[in-house]
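The values are calculated or read from the model by the stated rules, or taken from the named source; none is laboratory data. As the structure is a prediction and not an experimental result, all values here were calculated from the model. Cβ placement follows ideal geometry from the backbone for every residue including glycine, while neighbour counts extend to all protein chains displayed.
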């Protein structure tokens, strides 16, 4: 039906208007996931995320994200996605398996479920970060630290990691079904011979930090909600400092040589970047 016919048919006119709005919104979301062009000329950006809060940003390939535990005993939950194809996301089992490790630290790469390196840990003064225990749910928070509604707690609301991830995920069209196993930066969990997991208190000290170098454009969802195994008697609420910068020039790159599979991962990235350069 043409525009003139639609003008005579109010119902059809509403459909056309809705379609145009959807098209405009889709274009907005696509632009939102790209790293802002002016950042290329910006050398440094710093902010801090209070405890129990959430944040998201699309990191550009060749940029770094530095996280610092300001007060100690912090936890930074993280999920990663390819903004050009949100079905591609961080895969914790593959990340651990191909590098023969139970934890993350300097020299390790974080893999997507398509065998590509989303980012690499190029600096870390802590030595151990958990990626096997997942995140807290509403039921966990209420059971451990008591049930409080937002109306009761206001800005001191005890948010769960799952809720925090979902608030940010919904901004990009993601939902509960898109949640995956996450990283818990600054948290340490050890396993005994029977496979029982134990949280290590006081692992991260004030000022401990790590730096991620992004090997492809990556949507980052981040929260500062407590680790699910944290035994604290009160709701932990430690802030994390966030710093974004351009990646330094590569020299001897331990991330590419720390495991044989990493060489293949970076080769997959090279093929991906070559393909996307031709299709843009």
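Answer with yes or no whether residue 52 is buried (at least 22 other Cβ atoms within 10 Å of the Cβ), at pLDDT 95 or above and not in a strand (DSSP E or B).
So residue 52 passes the test.
Residue under question is residue 112, and the condition is that it be farther than 30 Å from residue 263 by Cβ and either touching a strand residue (DSSP E or B) at 6+ places or on another chain (Cβ under 6 Å) or surrounded by fewer than 22 Cβ atoms within 10 Å (Cβ to Cβ) (or both); does it hold?
no
Output the residue which, of all residues in region 237-273 that are touching a helix residue (DSSP H, G or I) at 6+ places or on another chain (Cβ under 9 Å) and more than 22 Å from residue 94 (Cα to Cα), is surrounded by the most Cβ atoms within 10 Å (Cβ to Cβ).
244
Just wondering, is there one or more residues in region 227-235 that are free of Cβ contacts under 8 Å to residues at least 40 places away in the same chain and closer than 18 Å to residue 96 by Cα?
no
Among the numbered criteria (1) surrounded by fewer than 22 Cβ atoms within 10 Å (Cβ to Cβ); (2) under 21 Å from residue 94 (Cα atoms); (3) touching a strand residue (DSSP E or B) at 6+ places or on another chain (Cβ under 8 Å), which one does residue 195 miss?
Of (1) surrounded by fewer than 22 Cβ atoms within 10 Å (Cβ to Cβ); (2) under 21 Å from residue 94 (Cα atoms); (3) touching a strand residue (DSSP E or B) at 6+ places or on another chain (Cβ under 8 Å), only one is false for residue 195: (3).
Can you pull out every residue in region 71-100 that is out of contact with any strand residue (DSSP E or B) (no Cβ under 6 Å at 6 or more places or on another chain), within 16 Å of residue 212 (Cβ to Cβ) and not in a helix (DSSP H, G or I)?
Correct list: 99 only.
Could you go through region 138-151 and let me know if any residue there is at pLDDT below 95, part of a helix (DSSP H, G or I) and either touching a helix residue (DSSP H, G or I) at 6+ places or on another chain (Cβ under 6 Å) or farther than 14 Å from residue 226 by Cβ (or both).
yes
Output the residue which, of all residues in region 194-222 that are in a strand (DSSP E or B) and in contact with a helix residue (DSSP H, G or I) (Cβ under 7 Å, 6 or more places away or on another chain), is nearest to residue 180 (Cα to Cα).
For region 194-222, the residue satisfying everything is 221.
What number of residues within region 228-280 satisfy the criterion of being in a loop (DSSP other than H, G, I, E, B) and over 30 Å from residue 198 (Cα atoms)?
Final tally of qualifying residues: 8.
What is the number of the single condition among (1) crowded, with 22+ Cβ neighbours inside 10 Å; (2) over 17 Å from the mean Cα position of the chain (by Cα) that residue 98 does not meet?
(1)
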